[in-house]
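Worksheet: one structure, shown below.
The values are calculated or read from the model by the stated rules, or taken from the named source; none is laboratory data. Values in this document were obtained by computation on a predicted structure and should not be read as measured data. Every residue, glycine among them, receives a Cβ derived from its backbone with ideal geometry; neighbour counts consider all protein chains shown.
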């Protein structure tokens with residue numbers, strides 16, 4: 001019984017969507033964010049990362065940053081860069097990458113569903129990273145970054161969205177990275193009710209990407225509840241901005257590993273240790289793993305295919321993940337990477353960067369690279385359904401949702 005409801009979106013004025021839309025705040029370092037907003041006076045990243053508009057000696061979590069974000073948002077609203085729809089609606093958001101499309105429903109999800117486990121997660125969050133977004137949402141009284149949710153496909157819902165997409169879109173543009181973005185408004189009361197009924201019939205939906213944004217949105221809502229003990233549950237702060245996608249349209253890319261050294265081993269010694277767990281085969285050149293249980297290794301200028309030996313397979317939803325096997329059998333005991341979240345000898349490379357990036361890292365600052373077979377959406381669901389957590393950097397979703405296309409005001 002998942003509660004999804006329409007909302008009065010604050011969204012770019014017609015024709016300004018491409019100028020405003022920005023990648024999520026957390027894909028940039030501070031310096032990268034500052035460079036990204038140069039020459040883009042309407043970029044929403046200026047609001048999501050308002051420290052880019054302040055002197056470099058101002059701490060990124062200084063209160064001035066959040067006040068600046070509020071000021072910038074109010075300026076854009078005052079100039080008419082943003083408009084707010086007069087009645088609650090749901091919206092469709094289609095992203096197209098390399099000829100394949102995925103269409104999500106932009107709507108608001110319930111913080112109670114999150115708290116009670118009907119919105120399932122598969123990653124831990126860090127309190128300090130949450131705190132930044134809690135303050136951002138609270139000061140702006142607006143949720144600015146949508147949470148990427150997934151659900152098991154319902155044919156009726158897909159048919160409904162396809163019918164709505166026959167209408168004139170609210171916006172349509174191709175961003176500088178080649179991703180196509182289209183949006184539609186759903187305002188028909190009967191259609192909105194049916195969307196709500198279909199989601200209410202689901203046992204759960206799943207956080208695909210945005211665990212910190214989700215946790216922050218919930219904490220900001222709980223803070224408002226404390227300030228308004230007479231709340232009814234219908235106030236906007238009881239809901240958070242989401243885009244919900246059917247599982248069969250999503251693409252999870254590989255999330256690869258690069259390691260700085262061989263932990264004192266020679267290449268020959270490392271390969272010998274590897275052969276205890278994997279069958280090792282030389283490749284003629286770079287090649288992506290083609291199935292679960294395969295990993296590609298780049299070492300000393302040579303690509304190898306590693307195939308997991310059957311006795312090391314596991315039916316456990318977490319222990320059976322390829323990234324778990326690699327950590328348990330090689331990264332930890334052989335290379336000495338105890339905690340991949342904190343060990344500076346390991347880094348992670350999203351599959352969108354390609355195998356050439358792995359080769360580049362090995363030729364520059366790393367010793368070896370592992371190209372992983374992507375974690376599947378089914379594996380993600382299985383981990384979340386079991387109430388378990390994936391290892392860090394297990395999934396890389398592409399394309400990324402843009403911030404600034406739909407905002408959700410939570411003022412009382």
> Given the structure, is residue 113 under 21 Å from residue 192 (Cβ atoms) and either surrounded by 21 or more Cβ atoms within 10 Å (Cβ to Cβ) or assigned by TED's automatic domain parsing to the domain that holds residue 194 (or both)?
Replying inline: yes
> Looking at region 82-95, which of its residues are closer than 22 Å to residue 40 by Cβ and surrounded by fewer than 18 Cβ atoms within 10 Å (Cβ to Cβ)?
Replying inline: 83
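Residue-by-condition table, conditions (1) touching a residue at least 24 places away in the same chain (Cβ under 8 Å); (2) under 29 Å from residue 380 (Cα atoms); (3) surrounded by 14 or more Cβ atoms within 10 Å (Cβ to Cβ); (4) more than 19 Å from the chain's Cα centre (by Cα):
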position	(1), (2), (3), (4)
139	yes, no, yes, yes
147	yes, yes, yes, no
150	yes, yes, yes, no
154	yes, yes, yes, yes
159	no, yes, no, yes
176	no, no, no, yes
181	yes, yes, yes, no
190	no, no, no, yes
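Considering only region 60-75, I want to know if a residue exists there that is in contact with a strand residue (DSSP E or B) (Cβ under 8 Å, 6 or more places away or on another chain), modelled with pLDDT of 95 or more and either outside any loop (DSSP other than H, G, I, E, B) or crowded, with 21+ Cβ neighbours inside 10 Å (or both).
First, the residues of region 60-75 that are in contact with a strand residue (DSSP E or B) (Cβ under 8 Å, 6 or more places away or on another chain): 73.
Restricting the remaining residues to those that are modelled with pLDDT of 95 or more gives 73.
Those left that are additionally either outside any loop (DSSP other than H, G, I, E, B) or crowded, with 21+ Cβ neighbours inside 10 Å (or both): 73.
For region 60-75, residues in contact with a strand residue (DSSP E or B) (Cβ under 8 Å, 6 or more places away or on another chain), modelled with pLDDT of 95 or more and either outside any loop (DSSP other than H, G, I, E, B) or crowded, with 21+ Cβ neighbours inside 10 Å (or both): present.
Quick check on my filter: what residues within region 283-298 are assigned to a loop (DSSP other than H, G, I, E, B) and over 25 Å from the mean Cα position of the chain (by Cα)? Show your work before the answer.
Initial filter on region 283-298 (assigned to a loop (DSSP other than H, G, I, E, B)): 283-293.
Within region 283-298, 283, 284, 285, 286, 287 meet the criteria.
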> Of everything in region 252-281 that's assigned to a strand (DSSP E or B) and in contact (Cβ under 8 Å) with a residue 60 or more places away in the chain, which residue is farthest from residue 346 (Cα to Cα)?
Replying inline: 252
> Inside region 83-177, counting only helices (runs of 4 or more DSSP H) that do not spill past its ends, which hold 2 or more residues that are over 25 Å from residue 218 (Cβ atoms)?
Replying inline: 155-164
> Within region 254-294, how many residues turn out to be in contact with a strand residue (DSSP E or B) (Cβ under 8 Å, 6 or more places away or on another chain) and closer than 17 Å to residue 313 by Cα?
Replying inline: 8
> Any residue in region 211-232 that is part of a loop (DSSP other than H, G, I, E, B) and either outside the structural domain of residue 96 (by TED's automatic domain parsing) or crowded, with 17+ Cβ neighbours inside 10 Å (or both)?
Replying inline: no
>> Considering only residues that are surrounded by 18 or more Cβ atoms within 10 Å (Cβ to Cβ) and touching a strand residue (DSSP E or B) at 6+ places or on another chain (Cβ under 8 Å), which ones fall in region 374-397?
In response: 374, 375, 377, 380, 381, 384, 393, 394, 395, 396, 397
> Which number in (1) modelled with pLDDT under 95; (2) in a loop (DSSP other than H, G, I, E, B); (3) out of contact with any strand residue (DSSP E or B) (no Cβ under 7 Å at 6 or more places or on another chain) marks the one condition that residue 203 misses?
Replying inline: (1)
